[in-house]
Amino acid sequence: MMVPPHSQRNMGDLRHPLPQPLPTLAVLAGGLGSRMGMDKALLNIGGVSILKHILGSINWKGPTLLIRGAGQVLPEGANQFTRCAFDTISGEGPLRGILTAIRNAPGMVVVATVDMPGITAEILQTLLASLESCAHLKGVMYTRQLESTRQVEPFPSAFRQSAGETIEADLERGQRSIRKLLDYPDFGTLEADPFVPASIWANINTPQDLALVTKPVRAEYDGTP
């Protein structure tokens, strides 16, 4: 289901709405980083830890949550988060991380990953606004046009607490695909702004990817060409 960018909410009959907790920003950092050759949560960008860089760039106004894999240690920058949580089961990929985030957040949660340091607060807030305006949806993720194909971007994505039951049931069946959530009528997609720079969606999977991201960031920090 495609979610409209903005939906007008009818608040006329909500004279005294109950206060809702601020949405939580969760950053998944539980992967092994096999192609990188190291734990991605230990990387540095512009001379600072990647976790600190991400939080500084986004400047999230609500609570923040770091998700680590079962048995992993807390990396540098973990103390910048409101709290940290660990997957209870290993080997189930990022879908397990999303469930851990939902279970450890008090309300809506927007999920990013440690290997996408270009994500901005605007991208995250747009997702949340679309989810908030569609009360029947449990989760939303982006889709974007790439030449002749349309690609679903599993991250970032936003979820209500009710998405936890669906995700848990999928994991119990051995279904670990985030994109497969879109087979359910209560999960939808939002068309990404085509003018958003491609660097926003870049993943750091290899040392070469890191070099491409680090060079412009280093220039920003120290003024080098």
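Every read-out reported here was derived from the displayed coordinates using simple, explicitly stated rules and does not represent laboratory data. Source: prediction; values computed, not measured. All Cβ positions, even for glycine, are placed from backbone atoms using ideal geometry, and neighbour counts span all protein chains on display.
Just a few scattered comments:
- Dipole magnitude for the chain: computed about the Cα centre from +1 point charges on Lys and Arg Cβ and -1 point charges on Asp and Glu Cβ, it is near 220 debye.
- Highest-MSF residue in the chain out of ILE102, ILE89, ILE204 [GNM, Cα springs under 10 Å]: ILE89
- Toward the positive end of the charge dipole of the stretch 24-209, with +1 on the Cβ of Lys and Arg and -1 on the Cβ of Asp and Glu, the farthest Cα among GLY46, PHE81, PRO154 is that of PHE81.
- Highest-MSF residue in the chain out of LEU131, LEU146, LEU25 [GNM, Cα springs under 10 Å]: LEU146
- FRET efficiency estimate (nearest 0.05) - Cβ-Cβ, SER177 to ARG103, R0 22 angstrom: 0.65
- DSSP bridge orientation in the chain - percent antiparallel, rounded to nearest 5: 40 percent
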